[in-house]
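The values are calculated or read from the model by the stated rules, or taken from the named source; none is laboratory data. All of these numbers come straight from a predicted model, not from anything done at the bench. Glycine gets a Cβ as well: all are built from the backbone with ideal geometry, and neighbour counts include every protein chain shown. For accessibility, only protein heavy atoms count, side chains too; no ligands or nucleic acids. Shrake-Rupley method; radii C 1.70, N 1.55, O 1.52, S 1.80 Å.
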Amino acid sequence: MPASPTVWSPQLRFLHWALFVVIASAVTCVLIASGYERGDPMKGQFMFFHKSFGVTALALMIVWIITRLNTGRPQAVGQAWQSRLAAAVHWAMVILVLALPIAGLLMSQFAQQSVSVFGLFSIPVWLAEDKAAAKAIHTIHAGYAGPILIGLVALHSVGALWHHFIDRDETLTRMLPGKTRQP
């Protein structure tokens, strides 16, 4: 079902909130894991879930892109500068949600670690060991890209709340679950 002029398609609304839950779970797991010492089984367990949620986010984002290309989007709300800023933040988030799991998978590959996804299947190691590459990717993944994504999600959320409480328009409500399609 395509987007209407005023409401996002049900598929994109579902994927939006599913991505939010999965990404929030991945971030929560890695933050909890950082409180444990290297080698602690609890750290390993939280990293297992972090990686599983990361692969899930990658898959959901690919589905989101395909769905978005097929369903379109509702008309932009607000001033032109707001729409341009929203689009820039939005597409930066899309790029990072694709890039972060790919970087995580590459880190695991170069560290010679297969990645189990919730114990359902594993992504085997197929690249040669390269500890320097794994470390460099980790620096970008954890030190820059991850925090930038968190900042963009915060900015995205503030923008939606601004539209809802200050501009008093439909930007937020048309993405909420249960919103019916309007002609």
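Data overview
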quantity	calculated
Under-5 Å amide H pairs with VAL115, H placed in peptide plane, nonlocal only	ILE123
Gained length - MET175 relative to GLN113, 0.36 nm times residue gap less alpha-carbon distance	18.5 nm
Relative contact order (%) - the chain, alpha-carbon pairs under 8 angstrom, separation at least six	27
Probe 1.4 Å - accessible area at PHE165, Å² to nearest ten	130
Per-pair calculated FRET efficiency, R0 = 25 Å: LEU69 and ILE95 via Cβ, rounded to 0.05	0.95
ALA80-LEU31 FRET efficiency (beta carbon distance; Förster radius 30 Å; 0.05 resolution)	0.20
Accessible surface, per residue, of region 64-183 when the full set of protein chains is kept, probe 1.4 Å, Å²	62
Within the chain, helix-based [θ] at 222 nm, where runs of 4 or more DSSP H residues each add -39,500 (n - 2.57), nearest 500	-21500 deg cm²/dmol
Two-decimal ratio, the chain, of alpha-carbon radius of gyration to 2.2 N^0.38 Å	1.15
Estimated vicinal HN-Hα couplings, Hz - region 163-169 in sequence order (Karplus 6.51, -1.76, 1.60; Gly, Pro = x)	4, 6, 9, 9, 6, 6, 10
Selection from GLY104, ALA86, PRO10, by position along the positive dipole direction of the chain (Cβ)	PRO10
Lys/Arg +1, Asp/Glu -1 at C-beta; region 17-90 dipole; positive extreme among VAL22, VAL63, SER34	VAL63
DSSP-loop chymotrypsin sites (Phe, Trp or Tyr not before Pro) across region 117-160, with at most 10 other Cβ within 10 angstrom	TRP126
Point-charge dipole on Cβ atoms (K/R +1, D/E -1) for region 1-159, about Cα centre, debye to 20	320
Degrees, to the nearest 10: 131-140 long Cα axis against longest axis of the chain	30
Linear extension gain, ILE150 paired with ASP167, 0.36 nm per residue minus alpha-carbon span	3.7 nm
Phi-based couplings in Hz for region 27-44 (Karplus 6.51, -1.76, 1.60; Gly and Pro marked x)	5, 4, 4, 6, 5, 5, 4, 5, x, 10, 6, 4, x, 5, x, 5, 4, x
